[in-house]
Amino acid sequence: MRISAADARQYWADPTQQLMGTTPDILPENDAFVYYASVDLCLMFHTAFWDGFWMVHAGVKPEGWGALDGQGLGLLREFWTDIEPRGIVAWIERKNRLMNAFARRAGFRDIGASEHHGLIIKEWRPEWAE
């Protein structure tokens with residue numbers, strides 16, 4: 001379900017979700033950012049550097065870990081249907097085992113890395129999540 005930035009802030013409230021500078025108070029509330037949420041997961045999307053591609057960031061309530069697969073896949077598909085992007089891209093820290101495992105189960109594919117920054121670059125398309 002699509003929600004507002006104000007409603008999304010609760011998903012970044014736990015300190016474990018405040019990675020790479022993302023804190024609840026800085027979640028943008030403008031047309032360039034859209035938020036989709038379920039019970040324990042919120043996905044924040046914004047346009048990327050490439051035409052038609054969107055970046056995704058995740059905020060997770062701590063009690064949600066281990067139960068995100070269906071929620072995440074549903075939100076990704078809902079966003080894909082609503083926005084019709086060319087692709088969804090995520091940059092995930094290599095050391096973030098929980099998010100990397102979730103991304104793999106949701107159908108993200110590794111498309112690159114920034115070894116200097118310890119990031120894995122991933123892309124998602126609905127046909128990869130079958």
The Rg/Rh figure for the chain, Cα atoms and Kirkwood Rh, to two decimals is 0.92
Net charge near VAL34: determine it from the other residues with C-beta under 9 Å of the C-beta of VAL34, scoring Lys and Arg +1 and Asp and Glu -1.
-> -1
Okay, helix-only estimate at 222 nm for the chain: each DSSP H run of n ≥ 4 adds -39500 (n - 2.57), divide by all residues, round to 500 deg cm²/dmol; what do you get?
-> -6500 deg cm²/dmol
In Hz, Karplus ³J(HN,Hα) per residue of the range 39-44 (6.51, -1.76, 1.60; θ = phi - 60°; x = Gly, Pro) = 4, 10, 9, 10, 10, 9
For GLY107, enumerate residues with amide H under 5 Å from its amide H, sequence gap 5+ or separate chain, H modeled in the peptide plane.
-> none
Gain in length, GLU84 to ALA13, computed as 0.36 nm per residue apart minus the alpha-carbon separation, to one decimal in nm?
-> 22.6 nm
Mind sorting LYS61, LYS122, LYS95 by how few other Cβ atoms lie within 10 Å of their own Cβ, fewest first?
-> LYS95, LYS61, LYS122
Stokes-Einstein D for the range 49-95, Kirkwood Rh over Cα pairs, 20 °C, 1.002 mPa s (µm²/s) | 176 µm²/s
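Every number here is computed from the coordinates shown, using simple stated rules; none is lab data. A quick note: this is a predicted structure, and the numbers were derived from the prediction, not measured. When we count neighbours, we look across all protein chains shown, and the Cβ atoms used for this are built from the backbone with ideal geometry, even at glycine.
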